[in-house]
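Below is one structure, written out as structure tokens, with a few remarks after it.
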Amino acid sequence: MSDILAELQPIFRDVLDDPALQITRQSSAATVANWDSLAHINLVSAIEQEFRIRFSLSELAGLKNVGDMIDLMEQKLAIK
Amino acid sequence: MIANAGAAMLLRKQKGLRRELQNRPNLLIVRIAFLCGSTVNEVAAFLELLLLEQGIQPVFSFSDYNKYFEEAVLDTARLVEFKPDIIFVYTSSANIQGWPALDTSESDLNAQVAAESMRFGAIWNGLQSLGAVVVQNNFELPVQRLFGNYDAVSPAGRIRFVHLLNAEFAREAAARTNLLIHDLNGVAASVGLKAFHDADRWFSYKMIATPEGSLEVAKSSAALVLAIYGRTRKCLVLDLDNTVWGGVIGDDGPDKIKIGRETAEAEAFTAFQEYCLQLRSRGVLLAVCSKNSEAIARQGFEHPDSVLSLEHFACFKANWEPKHENIKAIASELNIGLDSLVFVDDNPAEREIISAQLPEVAVPNVGSDVSRFISVLEDGRYFEPLRLSREDLKRAEQYKENVQRAATQGRFQNYDEYLESLEMSAEVAPFKQVYLDRITQLINKTNQFNLTTRRYMQPQIEAIAADPSYIALYGKLTDKFGDNGLISVIIGRKENSTLHIDLWIMSCRVLKRGMETLMLDALVAECQSHGINEIRGYYIQTERNGLVAGHYTALGFQRSGGDDRHQVFKLDLSQGYQPQNKHIKEYIHE
């Protein structure tokens, strides 16, 4: 299931417009350039559309980094 | 490309696309201030891409979230400093404060609507002195209907309240010259309220719409911006077989084409013809571009059930030449740019070749099913008007008269004789109140005969009309074929004994008629009575005004500096001036 990180890679590169970006499980808005509040909305929307999942308010509020996001996505994709 | 892309793709690629599009040359900078009732960044991001694709680089300023009232009325420093060309008051039903209480009576309701509308009236009044065009969202219908169907009836119903408030906004916009309504209600309805709204996005980000909803809002806003800058299309070019009628007229015969009310298919073609005729009646020109022999093609419009007839077309090209050649000929005969044309053809191969050969022409992907044509054209928002002037309603006739004039032209020994035969008369006079709408409209949509391509909004035009330091003239031209209406404008600014021509434009439908000489004669007469002894003209080169590069030289001005892209010319009046107009008679110069 760790290939979710690989699938997220191009989405982050597109949304943040940085073709060389390498995200890891530890990446967060604090460590990645251009990851501002609008980019965050775009990231969430793009991931929701790409993976056909929906995040609830409480789920989004609990995310601290990309790793948390991947764990949450794994749960959601397993249920599907 | 942007216009056909989905919201998901645009969100993901937004930053990269923006970077690419910003590399285009000659972008027109437009300063847009948003007064935000909700978070509008996503709408603005889409709007920027849509405008960039049309050659406009918007520069944005955003009010603090939900401070749309304060920053328009109380603390306007940020707006004043930003100098916006356009101000979007981006409010929605989420910003309505004066919802009627449950015990509102029928007799209280109107006062309640007026009170809420006045809150916005204060915003519009507050913005007036900025000289920008104000665009106000109307209100989308609320999703919640506390009273169910009765919500549309009860004086306490929010559905009824929104309907009344929107009607009030419409009345205000019709009465104010610098206020335009952005029909948020119409956009939300066409997306569907359930697909338009997303409660999570509202609670998390204070955005009212889904990405799809934001994109539709942006498209509709972009159409308004383009209309404000005169970048609307002027002419619908139609293929014939299987586009305006069913079947192939050359093979099936003129009496076998599908049109009328007999079958569902025939009805669909009839409906499309009716739509085209409606567009024509509000000023959009119609032209034919078809691979057919002309005599046979014409017979299609003599069919007893045809809604369109030959007289409705400003230009008719039915032959076996490649369509892109014919489309170029249509643009040149009508004296309009290729970027004024929209081409409708059921054949994807023809659409492809026009898109490739003439990228300026809009070629909507209408498919091959005539029942979809209207909705695809509507989605393209090609013909968005800001308001309808009397000129619009007569335009199609005027272009037809032009075709008659062109036919006459062939019969004369020389061009002077032809001009004489037109029996032209003109009126040139300082700006008058009744014409300010039309003057603004002409200024903002004229691209070819435009020496400086300066754009003015209506409030600025009103100010100039009242300011004695300006000499501002309009010209109207009539000939034996009809009234061309108000077709030329000069704005001159006095500085001591020199007049600077900030703007000189003319509608291309009266090109080569000598109207510019009459305009100059009148301008000089005005100057002489105001003690002006030198006129300075300016030519600022754009991609589209090459037509007038030699304008001032032809009128006897001397080049006096500037570089190629920004030329300066001088006309010395101290040695007198010989009037130049030869062919335009009986002009009334008030």
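Every read-out reported here was derived from the displayed coordinates using simple, explicitly stated rules and does not represent laboratory data. Being a predicted model, the structure only gives us computed values, none of them experimental. Counting neighbours? That spans all protein chains shown, and the Cβs are built from the backbone with ideal geometry, glycine included.
Counting alpha carbon pairs within less than 8 Å and at least 6 residues apart, what relative contact order, in whole percent, applies to segment B:423-588?
That works out to 27 percent.
With Cβ to Cβ distances under 13 Å as the rule, what net charge do the other residues near B:Ser204 carry (K, R +1; D, E -1)?
Value of the local net charge: -2.
Could you list B:His182, B:His530 in order of exposure, starting from the residue whose Cβ has the fewest other Cβ atoms within 10 Å?
Fewest-to-most Cβ neighbours within 10 Å comes out as B:His530, B:His182.
Less than 13 Å Cβ to Cβ from B:Ile532, Lys/Arg counted +1 and Asp/Glu -1: what total charge do the surrounding residues give?
Within the 13 Å Cβ shell, the charges total 0.
On average, how many beta carbons from a partner chain sit within 10 Å of the beta carbon of a residue in B:4-14?
Going residue by residue through B:4-14 and averaging, the value is 4.
Going highest first, how would you order B:54-62, B:147-155 by mean Cβ packing within 10 Å?
B:54-62, B:147-155
Take every Cα-Cα distance within segment B:1-125, group them into 10 Å bins from 0 onward, and report for each bin the whole-number percent of pairs it holds.
For segment B:1-125, the pair-distance distribution reads 11, 33, 28, 18, 8, 2.
Using the Cβ atoms and a cut-off under 12 Å, what net charge is assigned to the surroundings of B:Leu141, where Lys and Arg are +1 and Asp and Glu are -1?
+2
Between A:Thr24 and B:Asn414, what's the calculated FRET efficiency when r is the beta-carbon distance and R0 is 56 Å? Round to 0.05.
0.10
Of all DSSP beta bridges in chain B, what percent run antiparallel (nearest 5)?
The antiparallel proportion sits near 50 percent.
Taking the Cβ-Cβ separation of B:Glu325 and B:Lys394 as r and a Förster radius of 25 Å, what is the calculated FRET efficiency to the nearest 0.05?
It comes to 0.25.
Let me know the Rg and Dmax you get for segment B:235-380 when you use only its Cα atoms, in Å.
13.9, 39
For each of B:Tyr382, B:Tyr539, count neighbouring Cβ atoms within 10 Å of the residue's Cβ, then give the residues from fewest to most.
Ranking B:Tyr382, B:Tyr539 by Cβ neighbours within 10 Å, fewest first, gives B:Tyr382, B:Tyr539.
Label B:Glu267 and B:Asp572 with points 7 Å out from Cα along Cα→Cβ: what is the distance between them in nm?
Using points 7 Å along Cα→Cβ, the separation is 7.6 nm.
How big is the Kirkwood radius of the protein assembly as shown, worked out from every pair of different alpha carbons and given in Å to one decimal?
Mean inverse Cα-Cα distance, inverted, gives 28.2 Å.
So for the pair A:His40, B:His500, with labels modelled 7 Å out along Cα→Cβ, what separation do we get in nm?
Placing both labels 7 Å beyond Cα along the Cβ direction yields 4.9 nm.
Normalising by the residue count of segment B:235-380, find the relative contact order in percent from Cα pairs under 8 Å and 6+ residues apart.
25
Write down the radius of gyration of chain A and its Dmax, each obtained from C-alpha positions, in Å.
Rg then Dmax for chain A, in Å: 11.7, 33.
For segment A:27-33, take each phi angle, set θ = phi - 60°, evaluate the Karplus expression 6.51 cos²θ - 1.76 cosθ + 1.60, and give the result in whole Hz per residue in order, putting x for glycine and proline.
4, 8, 4, 6, 9, 10, 5
In square nanometres, what is one fourth of the surface area of the convex hull spanned by the alpha carbons of segment B:314-376?
Averaged projected area of segment B:314-376's Cα convex hull equals 4.4 nm².
What spacing in nm lies between the two simple spin-label points modelled at B:Ala189 and B:Ala115, each 7 Å away from Cα in the Cβ direction?
Label at B:Ala189, label at B:Ala115, 2.7 nm between them.
Quick check on segment B:423-588: what are the equivalent-ellipsoid semi-axes from the Cα gyration tensor, as sqrt(5λ), descending, whole Å?
Ellipsoid half-lengths, sorted descending, are 21, 18, 18 Å.
Could you list, in their original order, any pairs among A:Lys76/B:Lys15; B:Lys15/B:Lys317; B:Lys432/B:Lys570; B:Lys258/B:Lys317; B:Lys400/B:Lys432 whose Cα atoms are separated by more than 32 Å?
Pairs exceeding the cut-off: B:Lys15/B:Lys317.
When all C-alpha to C-alpha distances in chain B are sorted into bins of 10 Å, what percent of pairs does each bin hold, rounded to whole numbers?
Reading upward from the zero bin: 3, 15, 23, 24, 20, 11, 3, 0, 0.
So how compact is segment B:50-96: Cα radius of gyration and Dmax in angstrom?
Rg then Dmax for segment B:50-96, in Å: 12.7, 36.
Counting DSSP beta bridges in the protein assembly as shown, what percent are antiparallel, to the nearest 5?
Roughly 50 percent of the DSSP beta bridges within the protein assembly as shown come out antiparallel.
Taking Cα pairs under 8 Å and at least six residues apart, what relative contact order does chain B come out at, in percent?
Relative contact order for chain B comes out at 10 percent.
Pull up all non-local amide H partners of B:Lys317: gap of 5 or more, or a different chain, and H-to-H distance under 5 Å with H placed in the peptide plane.
Here B:Val288, B:Cys289, B:Ser290 satisfy the definition.
Which of the lysines could a cross-linker span from B:Lys445 if the Cα-Cα distance has to be under 16 Å and same-chain partners fewer than 8 positions apart are dropped?
The reachable lysines, counting only those whose Cα sits under 16 Å from B:Lys445, are B:Lys234.
Using the beta-carbon distance between B:Arg176 and B:Lys206 and R0 = 35 Å, what value does 1/(1 + (r/R0)^6) give for FRET efficiency, to the nearest 0.05?
0.75
For B:Gln57, enumerate residues with amide H under 5 Å from its amide H, sequence gap 5+ or separate chain, H modeled in the peptide plane.
B:Leu28, B:Ile29, B:Val30
Sequence-distant or interchain residues sharing an amide H contact under 5 Å with B:Gln580, placed H: which?
The list, which skips near neighbours in sequence, is B:Asp521.
Label segment B:437-520 by shape, choosing from rounded, prolate and oblate, from the square roots a ≥ b ≥ c of the eigenvalues of the Cα gyration tensor; if a/c is under 1.5 it is rounded, and otherwise prolate applies when a/b is larger than b/c, oblate when it is not.
Here segment B:437-520 falls in the prolate category.
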